[in-house]
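Structure record follows, encoded as C-alpha coordinates.
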Amino acid sequence: MTEQTLVIIKPDGLSRHLVGRIIQRFEDKQLQIAQIKKAMLTQTQLREHYKHLIDQPFFPSLMAYMMEGPVLLLIIEGENAVLQTRKLVGATDPMEAEMGSLRGELGTDKTRNLIHASDSVDTADEEIARFFAN
Ligand code: UDP
Ligand code: MG
(Lines give C-alpha, C1' and ligand atoms only; values in the text may rest on other atoms or scores of the structure.)
(Ligands and ions follow the chains in the order given, each with its own letter.)
Protein backbone atom coordinates (compact mmCIF):
# COMPACT_ATOMS: atom_id res chain seq x y z
CA MET A 1 0.00 0.00 0.00
CA THR A 2 1.25 3.51 -0.77
CA GLU A 3 2.12 5.30 2.44
CA GLN A 4 3.85 8.44 3.61
CA THR A 5 6.33 8.61 6.46
CA LEU A 6 8.35 11.35 8.15
CA VAL A 7 12.14 11.29 7.99
CA ILE A 8 14.37 13.76 9.80
CA ILE A 9 18.02 13.95 8.81
CA LYS A 10 19.41 15.05 12.18
CA PRO A 11 21.99 17.88 12.58
CA ASP A 12 25.05 15.60 12.30
CA GLY A 13 23.73 14.23 8.99
CA LEU A 14 24.01 17.77 7.61
CA SER A 15 27.28 18.75 9.34
CA ARG A 16 28.90 15.48 8.21
CA HIS A 17 27.68 16.09 4.63
CA LEU A 18 25.79 12.79 4.47
CA VAL A 19 22.52 14.15 3.05
CA GLY A 20 23.16 12.95 -0.51
CA ARG A 21 24.12 9.43 0.57
CA ILE A 22 21.11 9.13 2.87
CA ILE A 23 18.60 10.31 0.27
CA GLN A 24 20.21 8.08 -2.36
CA ARG A 25 19.36 5.01 -0.26
CA PHE A 26 15.67 5.97 -0.15
CA GLU A 27 15.63 6.57 -3.90
CA ASP A 28 17.44 3.27 -4.50
CA LYS A 29 14.54 1.55 -2.71
CA GLN A 30 11.97 3.25 -4.99
CA LEU A 31 10.83 5.63 -2.28
CA GLN A 32 10.03 9.18 -3.41
CA ILE A 33 10.51 12.55 -1.76
CA ALA A 34 7.02 14.07 -1.55
CA GLN A 35 8.20 17.16 0.37
CA ILE A 36 11.51 18.38 1.78
CA LYS A 37 12.59 21.38 3.84
CA LYS A 38 15.45 22.56 6.03
CA ALA A 39 14.59 23.90 9.48
CA MET A 40 15.85 24.55 12.98
CA LEU A 41 13.61 22.56 15.31
CA THR A 42 12.18 24.31 18.35
CA GLN A 43 12.12 23.09 21.94
CA THR A 44 8.31 22.95 21.75
CA GLN A 45 8.32 20.77 18.61
CA LEU A 46 10.94 18.44 20.07
CA ARG A 47 9.25 18.04 23.47
CA GLU A 48 6.13 16.95 21.58
CA HIS A 49 8.01 14.75 19.10
CA TYR A 50 9.99 12.98 21.85
CA LYS A 51 7.32 13.08 24.58
CA HIS A 52 7.68 9.30 25.14
CA LEU A 53 11.27 9.96 26.27
CA ILE A 54 10.88 13.01 28.51
CA ASP A 55 11.69 11.05 31.69
CA GLN A 56 14.78 9.35 30.27
CA PRO A 57 18.22 10.36 31.57
CA PHE A 58 19.43 11.03 28.03
CA PHE A 59 16.56 13.44 27.23
CA PRO A 60 18.57 16.68 27.82
CA SER A 61 21.42 15.51 25.59
CA LEU A 62 18.89 14.39 22.95
CA MET A 63 17.32 17.88 22.97
CA ALA A 64 20.74 19.58 22.74
CA TYR A 65 21.76 17.29 19.88
CA MET A 66 18.57 17.92 17.89
CA MET A 67 18.99 21.70 18.26
CA GLU A 68 22.73 21.97 17.54
CA GLY A 69 22.04 22.89 13.91
CA PRO A 70 19.44 22.68 11.16
CA VAL A 71 17.76 19.42 10.21
CA LEU A 72 16.24 18.24 6.94
CA LEU A 73 12.58 17.22 7.16
CA LEU A 74 11.31 14.86 4.46
CA ILE A 75 7.99 13.28 3.65
CA ILE A 76 8.94 9.97 2.06
CA GLU A 77 6.32 8.19 -0.02
CA GLY A 78 5.97 4.76 -1.59
CA GLU A 79 4.88 1.16 -1.16
CA ASN A 80 5.06 0.23 2.54
CA ALA A 81 7.05 3.43 3.08
CA VAL A 82 6.84 3.30 6.89
CA LEU A 83 8.36 -0.16 7.33
CA GLN A 84 10.74 0.13 4.37
CA THR A 85 12.14 3.36 5.74
CA ARG A 86 12.54 1.98 9.28
CA LYS A 87 14.44 -0.99 7.85
CA LEU A 88 16.69 1.24 5.77
CA VAL A 89 17.40 3.42 8.84
CA GLY A 90 18.10 0.45 11.15
CA ALA A 91 17.99 -0.09 14.91
CA THR A 92 18.20 2.88 17.29
CA ASP A 93 21.70 1.95 18.50
CA PRO A 94 24.11 2.01 15.53
CA MET A 95 26.17 -0.70 17.23
CA GLU A 96 23.15 -3.00 17.01
CA ALA A 97 21.88 -1.83 13.64
CA GLU A 98 22.52 -4.12 10.70
CA MET A 99 25.63 -3.14 8.75
CA GLY A 100 23.54 -2.63 5.59
CA SER A 101 21.31 -0.06 7.28
CA LEU A 102 22.10 3.65 7.34
CA ARG A 103 22.67 3.77 11.10
CA GLY A 104 24.74 0.56 10.91
CA GLU A 105 26.89 1.93 8.12
CA LEU A 106 27.26 5.56 9.17
CA GLY A 107 26.45 5.82 12.88
CA THR A 108 28.55 5.30 16.02
CA ASP A 109 26.53 6.77 18.89
CA LYS A 110 23.12 5.80 20.32
CA THR A 111 22.01 9.44 20.66
CA ARG A 112 23.72 10.84 17.55
CA ASN A 113 22.20 8.25 15.23
CA LEU A 114 21.74 10.53 12.19
CA ILE A 115 18.14 9.88 11.16
CA HIS A 116 14.60 9.74 12.52
CA ALA A 117 11.87 7.70 10.83
CA SER A 118 8.24 7.32 11.96
CA ASP A 119 7.52 3.98 13.67
CA SER A 120 3.95 3.36 12.39
CA VAL A 121 1.38 4.70 9.92
CA ASP A 122 -0.48 6.49 12.74
CA THR A 123 2.71 8.05 14.10
CA ALA A 124 3.68 9.08 10.56
CA ASP A 125 0.37 10.95 10.11
CA GLU A 126 0.88 12.74 13.44
CA GLU A 127 4.51 13.61 12.73
CA ILE A 128 3.81 14.86 9.18
CA ALA A 129 1.08 17.11 10.57
CA ARG A 130 3.45 18.35 13.30
CA PHE A 131 6.31 19.32 10.99
CA PHE A 132 4.50 20.17 7.74
CA ALA A 133 1.45 22.00 9.10
CA ASN A 134 2.21 25.26 7.28
N1 UDP B 1 17.95 7.79 22.17
C2 UDP B 1 19.08 7.89 22.99
N3 UDP B 1 19.33 6.88 23.88
C4 UDP B 1 18.54 5.77 23.99
C5 UDP B 1 17.41 5.67 23.17
C6 UDP B 1 17.14 6.69 22.26
O7 UDP B 1 19.78 8.89 22.93
O8 UDP B 1 18.85 4.88 24.82
C9 UDP B 1 17.66 8.87 21.21
C10 UDP B 1 18.09 8.50 19.77
O11 UDP B 1 18.54 9.68 19.12
C12 UDP B 1 16.78 8.00 19.19
C13 UDP B 1 15.76 8.96 19.83
O14 UDP B 1 16.26 9.12 21.17
O15 UDP B 1 16.76 8.04 17.79
C16 UDP B 1 14.33 8.43 19.87
O17 UDP B 1 14.30 7.18 20.52
P18 UDP B 1 13.39 6.00 20.01
O19 UDP B 1 13.39 4.95 21.07
O20 UDP B 1 12.08 6.53 19.53
O21 UDP B 1 14.26 5.40 18.79
P22 UDP B 1 14.08 5.51 17.19
O23 UDP B 1 12.61 5.38 16.89
O24 UDP B 1 14.67 6.83 16.74
O25 UDP B 1 14.88 4.34 16.64
MG1 MG C 1 11.03 6.43 17.74
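The values are calculated or read from the model by the stated rules, or taken from the named source; none is laboratory data. All values derive from a computational prediction rather than experimental measurement. With ideal geometry, Cβ positions are generated from the backbone for all residues, glycine too; neighbour counts draw on all protein chains shown. These accessible areas exclude ligands, DNA and RNA; they are computed on the full protein's heavy atoms, side chains included. Shrake-Rupley method; radii C 1.70, N 1.55, O 1.52, S 1.80 Å.
In table form, for the structure just shown:
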quantity	calculated
Cα-based reach from LYS37 at 16 Å (exclusive), listing lysines while leaving out same-chain residues under 8 positions away	LYS10
Accessible-area order (highest first, 1.4 angstrom probe) of the listed residues VAL89, VAL121	VAL121, VAL89
Set of segment 111-131 residues, backbone N closer than 11 Å to the point 7 Å along the Cα-Cβ line of PHE58	111-114
Förster radius 25 Å - calculated FRET efficiency between MET99 and LYS29 (Cβ-Cβ, nearest 0.05)	0.90
Size of charge dipole - the chain - debye, nearest 20, with Cβ of Lys, Arg +1 and Asp, Glu -1, no other charges	440
Size of electric dipole in segment 1-63: Cβ of Lys, Arg +1 and of Asp, Glu -1, about Cα centre, debye, nearest 20	180
Accessible-area ranking of HIS17, HIS52, largest first, probe 1.4 Å	HIS17, HIS52
Segment 47-134, relative contact order in percent, only Cα pairs under 8 angstrom and at least six apart counted	23
Accessible area of GLU98 in the full protein assembly, 1.4 Å probe (Å², nearest 10)	140
Accessible-area order (highest first, 1.4 angstrom probe) of the listed residues MET99, MET63	MET99, MET63
All-pairs Cα distance distribution in segment 35-116, expressed in whole percent, bin size 10 Å	17, 41, 39, 3
